[in-house]
Every structure is written in C-alpha cells, then in structure tokens.
Amino acid sequence: MDVLQDLESRGLIHQTTDRDGLEKHLSENQVTLYCGFDPTADSLHIGHLVPITMLKRFQKAGHKPIALVGGGTGMIGDPSGRTSERTLNDDAVVKGYSEQIRQQIAKLLNFDKGENPVVSRNNHDWLGSMTVIDFLRDAGKHFGINYMLAKESVSARIEQGITFTEFSYMILQSLDYLKLNEQENCTLQIGGSDQWGNITAGMELIRRSREEEAEEIKVFGLTVPLITKADGTKFGKTAGGAIWLDPEKTTPYEFYQFWINTDDRDVMKFTRYFTFLTEAEMAEMEEEVANHPENRLAQKRLAEEMTKIVHSEAALEQAQKISASLFTGDLKQLSASDIEQGFKGVPTFAAAKEDLGLIDLLVNASISPSKRQAREDIKNGAIYINGERQQEMQYVVGEQDRIDGQFTIIRRGKKKYFLIRY
C-alpha cells in the first residue's frame, strides 16, 4: 500500500490538487514536502498532531519532510477559520514561542536523524529581511485582488472586516512555498482543511514566478480533514481548556485521561488518524469495540500509543499508575510527583509540618464547613485519609500521613478530593 492509499484508508485526505499526478509524483520520486506551524502560543496542542503524524507517515514512506516554524508569519496571524483579528505579539514573544514549538516538534519527529530526516526551517529567515518594495514587486504583483477576495479565509471575513495585515497573510504563506521550492526542491505542501486557499495560492505564486519553466514545474497540495467529535463538541477541548503537548500545561496523566475518555463512536477514527497501528491491529480493536465496548480496551490502547508518542514510556507508566491508584483508592502507593500530576486543580490547603487534629484540619482546609459537620462526616465514614477511611474523632494527622513528607490526600464522600500540601 503506497502512502496516499494508506492516508485514504485512514480517512486522512480531505482535498488534493491533481490526485493522479500526485500519486505518480510520489511513486517516481523522493518528494520533499512541508507543513507550517505558526507560533501563536508557547505550545502546540493535540490538534497539531495530525499534521505532525502526517509528516512522519511521509517520512516512513521514504520522502523528505520539512517542519516549518512560522517565525515570520506568526508576527501577522492567519485569518483562516477566525471571525476576528488575532492579537499581535511582539518580536521577542514570537521568537520565544518559535523556539519552544521547534523543540516540541523536534522531540516528536527526531530532527536530522536517519536516511531521510525531518528538517526544521523558520520562515523568519526570508520574511524577516524582506523590504516592503521587495514584497510588493516580487510577490504582490502576482496576486489579483479578485483572486484573493474569492479565497474563503478572506471572503468569510469581509462582512466583519479584515485588515490589510491579515489580508496579506496569504501572500506571506505563498512565499514560504516559493522559497522552499527554490531552496529545497519542495513540491508538496500539506495542512489542515482551512489551509486550502493558502496552499493553492502558494502553488500559483510558484507557477507565476517561474513562468518561463511552467511546463516543468510540478507542485501539489494536500489537506487533512477537520477533526470533529461524534457529540458535536470541538476536538481537543475539555472543561479545563485545550489539551496541550507541553507536559507543564497538560500533564501526561491528564493527556492519558483525555484519550481514555474517548467516545466509543470516535475511538477507531482517532486511532486511524493519530496512531501507526496496522490494519490488522485496528481491525482487531474495531471488533473489540463492537463486541465488548464496556471493556474500553480500544480507548486504553489509544491512550497508551498517544502518551508514548507525545511524552514517553516512563510518562505512560506513571499515568497508568496514577489511574490505577485513583480507581482502587490505594493512594499510599503514589509519590509526590504522581500527586502533582493526578491532583492538579484539586482544592489545596497549605499547612505547616505539624501534627493537627483531624476535626481542626477538616475545618481549616474548608473540607467541612464547621466542627459539627466535621464530626458528622467522620462519624458517618465519609472521610478518607490517603485512601483509608478514618472514623476516629480524636485522630491526629501527622508524619505518618504525609506522602513523601509533602502531601496528604483527603477525600470527603465518594468523589470530593482535597490536597494538603506541607
């Protein structure tokens, strides 16, 4: 199965330019392709994993991928898929974001390793030194206003209003394709479905800029579909916000739990999109989902694969350990590091390292609203310390209850957790 057939079987092709020509081009050449990532935040999120894994799929098929960080275009902001203009970040912020994103992509794609390594480029290298006159003469003259107005990224914003800055973004991204075509013989750009207009504009700029050799120029575009969830909600968003690839923003445990909680209706689609499992492995998973959905084995496999890919085997093992401890209630097995991950966002009370009566601690930490209620909670067996029920009224919370000397986990009722941090 060639790379396009594999992508199609996984549902990863939304649009292509000249499908037959692209198939022939890929079969006859080692193709250099690229995908761009604008630094609009200090981390990528899981929505970026589809284009990242696309680069890896082409690499595995023997082609040469380029991950382009948009240090230049990130100064402007892509209007695609937006109803309002982005806030413009200053140069230092964009540079910082660019480097953080480059490091994230490098971790996922292993830059400069192997026979056809993924390489990194930054479009600030050519956009940052370009003068206004160069921009207008060398690029702007090739774009008709009517042509640009017809692009969805522009036409969708006409009524709300679009600035000349965002209007020009399409030309800047087109310059990326032109420069990579000239410097790296890059002949394929991939991106999300919202990038179709920018991709085809880049192809047009290449053809117009090299008109005298137009018959010899072969450049292509391919987009992946917009990822949607079966319940209609946006993929990659939770009540707590976006699922980031940075472990400081979304812990490996939270990341693992996101995939574990995948809807049965979505689990196979996401497995095809994001993992490198074989057709045979996916067929086996699909059968399991159909016959024994209650076991959630497909979700577990998806969570395992994604946590290993994005974080590490060690991070996966830690996430599984935290999940098992929370499921069984055996919290004493957790380390301070496990607790930092598994109880992120849980109400936390800072306490001195001194012994304290349980009733006083419950009130001081706002776990129980009053001493009377605290006594009721203890008497009724509603209070658990590090997973163990405590019904002794005079119990003193001390050194023996401090996990790694740093935390005590108190549960009130079935699901309300509180963290005491020393």
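With contacts taken as Cα pairs under 8 Å at a separation of at least 6 residues, the chain carries a relative contact order of 14 percent.
Between the helical axis of 19-28 and the dominant principal axis of the chain, each derived from Cα atoms, what acute angle in degrees is found, rounded to the nearest 10? Approximately 90 degrees, to the nearest 10. FRET efficiency for the pair ARG421 and THR278, taken as 1/(1 + (r/R0)^6) with r the Cβ-Cβ distance and R0 = 41 Å, rounds to 0.35. Each Lys and Arg contributes +1 and each Asp and Glu -1, all at the Cβ; summed about the Cα centre of the range 237-328, the dipole is approximately 320 debye. Here the dipole of the chain is about 1400 debye; that uses its Cα centre as origin and unit charges on the Cβ of Lys and Arg (positive) and Asp and Glu (negative). Farthest toward the positive end of the dipole of the chain, out of LEU180, SER27, PHE343, is the Cα of PHE343, where the dipole comes from beta carbon charges about the Cα centre. Within the chain, what percent of beta bridges assigned by DSSP are antiparallel, to the nearest 5? Among the beta bridges of the chain, antiparallel pairing accounts for roughly 50 percent. In the range 9-48, which residues have a backbone nitrogen under 11 Å from the label point lying 7 Å from VAL93's Cα in the Cα-to-Cβ direction? Hits in the range 9-48 for VAL93 at 11 Å: 40-42. Please work out whether the range 59-118 counts as rounded, prolate or oblate from its C-alpha gyration tensor, where a ≥ b ≥ c are the square roots of the eigenvalues and a/c under 1.5 means rounded, while otherwise a/b larger than b/c means prolate and anything else oblate? Prolate.
Computed from the alpha carbon atoms alone, the convex hull of the chain holds 176 Å³ per residue.
Remark: the PHE164-ALA290 segment gains 40.1 nm on full extension, using 0.36 nm per residue and subtracting the alpha carbon distance.
For LYS371, a cut-off of 12 angstrom between C-alpha atoms picks up these aspartates and glutamates, skipping any fewer than 8 places away in its own chain: ASP360.
Between ASP125 and LYS300, the FRET efficiency estimated from the beta carbon spacing at R0 = 45 angstrom works out to 0.55. Between the Cα long axis of helix 297-310 and the first principal axis of the chain there is an angle of about 70°, rounded to the nearest 10. Seen through its C-alpha gyration tensor, with square-root eigenvalues sorted a ≥ b ≥ c, the range 237-328 comes out prolate because a/c lies at 1.5 or above while a/b is bigger than b/c. Its DSSP H runs of at least 4 residues, each contributing -39,500 (n - 2.57), put the calculated 222 nm mean residue ellipticity of the chain at -12500 deg cm²/dmol, to the nearest 500. Taking 0.36 nm per residue of sequence separation and removing the Cα-Cα distance, the PHE111/GLU211 pair yields an extension gain of 32.6 nm.
Between helix 279-291 and the chain there is an angle of about 50 degrees, using the helix long axis and the longest principal axis of the Cα atoms. Ordering SER98, ILE359, ALA201 by the projection of their Cα atoms onto the charge dipole of the chain, which places +1 on the Cβ of Lys and Arg and -1 on the Cβ of Asp and Glu, puts ILE359 at the extreme positive end. Each Cα pair under 8 Å and six or more residues apart adds its sequence gap; the mean of these over the residue count of the range 3-224 is a relative contact order of 27 percent. Here the dipole of the range 331-422 is about 480 debye; that uses its Cα centre as origin and unit charges on the Cβ of Lys and Arg (positive) and Asp and Glu (negative).
Which lysines have a Cα lying under 22 Å from the Cα of LYS60, excluding residues fewer than 8 positions away in the same chain? Answer for LYS60, where 22 Å is the Cα cut-off: LYS24, LYS107, LYS113, LYS269, LYS308, listed by chain and number. What separates the Cα centres of the range 1-31 and the range 103-177 is a distance of 24 Å.
On the beta carbon distance between PHE135 and LYS308, with R0 = 51 Å, the FRET formula returns roughly 0.70.
Quick note: the coordinates plus some simple rules give every number you see, no bench work behind them. Quick caveat: nothing in here was measured; it's all calculated off a predicted structure. Backbone-built Cβ (ideal geometry, glycine too); neighbour counts: all protein chains shown.
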